Amino acid sequence: MSSVACTLPQRTRIVGFLVFLGAVVVAICTTRSEVGGWNDGSRLATVECLVDHHTLAIDRSVLIDKTCDKLFIDGHYYSDKSPTPALLMAPLYQAWRWLTGCTAAEQLPRFAWAMTLGSSGVAYVIAVCCVFALTRRLRLPALDAGLLTASFALATVAPVYAQHVNNHGLLLGVAAPLVLGLVALAQRSQAGQSSGSLVVGLGALAGLGYTIDLGAGPMLLVCAGALVVYRCRSVGATTLFVAGALPWLVLHHSVNYAVGGTFKPANAVPAYFLWPGCPFGAQNMTGSWHHPSIGKFVLYAFDLLIGKRGFLGHNLPLFLAAPGLLLLLKQRPKELPELLFAACWSGMTWLTYALTSNNLSGLCCSIRWFVPLLAPGWLVLAVLLRDHPRYRPDFLILSTGGLMLTALMALDGPWTLHMVPGFWFIYAATMLCWLGYRLSTSNQVRSARMAGVEAFWYRCGVALRVRQSR
């Protein structure tokens, strides 16, 4: 027994290393060397100017004419993206300059490839490894752990958004370790173990998430903070969480105020979009109500999930997470607070963007705002398969369809002007296969139940006849 017990952690470490290696290979092979669109061009322009010109203004960037995601403030152009990711990428660009002796203007493709791999690629690797670690912490069987990790890595939009620089892949790389840390905090709290350093780390992750995406990030901070308060129930733990998050909040709002003169997001100021040829205006800016009626709002909200660019339709395994969450909430597993966190953060992010947008997140693959929600979604799926392994075939069916969709999505990358080729066919075929399996399973269960009922009444009849004969 002791020898077997010693080999299990070794096997886990070996499998974990293989997961890490596979994620690295995927990240390297999918990273693109071109600037895919306005989105990544805007961020890369800030990184270039921070290092080469020591300013956040992007007027002198080689990418200034390749992006319309910019603000015009006091006679200078600035990126309309949150500044913290660019500040974190600047040291990476400086190291790349030292190693190659080149600048972004001289070697733009190599610059874009290195910055993408060092940001979105690294975030993808972190997210995949954290999903695997989550399955092991939740004590899933090896088969289910492998299936969940492979599905996340290869059957979702996660590898698609690792191809270019973007906030959404970066936030996924923060949300996945945060979800893992919250589960670890719950287990430590239930065991009565100290968790001070973990709480500080969770605060730092939540604070960093806040600065990366000012749509999903603030709600992540609020939901994670509420869960930490519930699990720890002490002023000291709350103070540690705030202490971990506060430096990131101060950094973001200080830089944002220095550039835009406001504590709210600079890209929420309409006056900063008044530059010649700007495609954005009051009618299509994210951040305010644009729907002509409540009915249109409801249709748009569901279009974000199940429409031609719907997030669930491009991440098919998540169709199992929605009913699975309802089942788990009814049965109240020990991870119930973490499941409520997943539901609250996902639901609040969805409703926020449904209320304050009308453009389906622009010209991109699926709904880019929701990419970080893969992390809480996979938490739900992990708990579901652990407690109800009978849903493994359902998960396999949906993941197979997702794998085909991801392969097609990866051909065009995240910034695309058209739907995924064959989307509706794969979508419908997967749903029909899943429905057929569910119906056949229901019929088998119904037949088994009927056989059980008939056997029960048969035994009752035999017993009655025996009594009468006596």
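Derivation of every value follows stated rules applied to the coordinates shown; laboratory data play no part. Only a predicted model underlies this, so the values are computations on that prediction, with no experimental measurement involved. No Cβ is skipped: glycine too gets one built from the backbone with ideal geometry, and neighbour counts run over all protein chains shown.
Provide the packing ranking of 291-297, 224-230, i.e. peptides ordered by the mean count of other C-beta atoms within 10 Å per residue, highest first.
Result, highest mean Cβ count within 10 Å first: 224-230, 291-297.
Residues with amide H under 5 Å of Ser79's amide H, sequence separation 5 or more or different chain, H placed in the peptide plane at 1.01 Å from N; which?
Ile58, Leu71
Among Leu147, Thr211, Pro9, flag the residue with its Cα farthest along the positive direction of the charge dipole of the stretch 2-421, charges on Cβ as +1 for Lys/Arg and -1 for Asp/Glu.
Among Leu147, Thr211, Pro9, the one farthest towards the positive end of the dipole of the stretch 2-421 is Pro9.
Run lengths n ≥ 4 of DSSP H only: what is the helix-derived mean residue ellipticity at 222 nm for the chain, with -39500 (n - 2.57) per run over all residues, to the nearest 500?
Dividing the helical sum by the residues of the chain leaves -23000 deg cm²/dmol.
How big is the Kirkwood radius of the stretch 271-369, worked out from every pair of different alpha carbons and given in Å to one decimal?
So the Kirkwood estimate lands at 15.4 Å.
Given the Cα-Cα distance of Leu355 and Leu299 and 0.36 nm per residue of separation, how much length would full extension add, in nm?
Answer, rounded to one decimal: 19.0 nm.
By how many nm would the segment from Leu336 to Ser254 lengthen if fully extended, with 0.36 nm per residue of separation less the alpha-carbon distance?
Extra length available between Leu336 and Ser254 comes to 25.8 nm.
Work from the charge dipole of the chain (Cβ charges, +1 for Lys and Arg, -1 for Asp and Glu, about the Cα centre) and give the residue of His53, Ser254, Leu439 farthest towards its positive end.
My answer, from the dipole projection, is Leu439.
First check a/c for the stretch 147-254, with a ≥ b ≥ c the square roots of the eigenvalues of its C-alpha gyration tensor; if it is under 1.5, answer rounded, and if not, answer prolate when a/b is larger than b/c or oblate otherwise.
Oblate, since a/c reaches 1.5 and b/c is not below a/b.
Is the C-alpha gyration tensor of the stretch 177-323 telling us rounded, prolate or oblate? Criteria: a/c under 1.5 is rounded; beyond that, a/b larger than b/c is prolate, otherwise oblate.
oblate
Give the cross-link partners of Lys81 among the lysines, using a straight C-alpha distance below 21 Å as the criterion and excluding same-chain residues fewer than 8 apart.
In chain and number order, the partners are Lys66, Lys70, Lys264.
Rounded, prolate or oblate: which one fits the stretch 333-374, using the alpha carbon gyration tensor with axes a ≥ b ≥ c (rounded when a/c is under 1.5, else prolate when a/b beats b/c, else oblate)?
Oblate shape, in that a/c is at least 1.5 and b/c is the bigger or equal ratio.
Using the 10 angstrom Cβ neighbour count as an exposure proxy, how do Ile73, Ile212 rank, fewest first?
Ranked by crowding around the Cβ, least crowded first: Ile73, Ile212.
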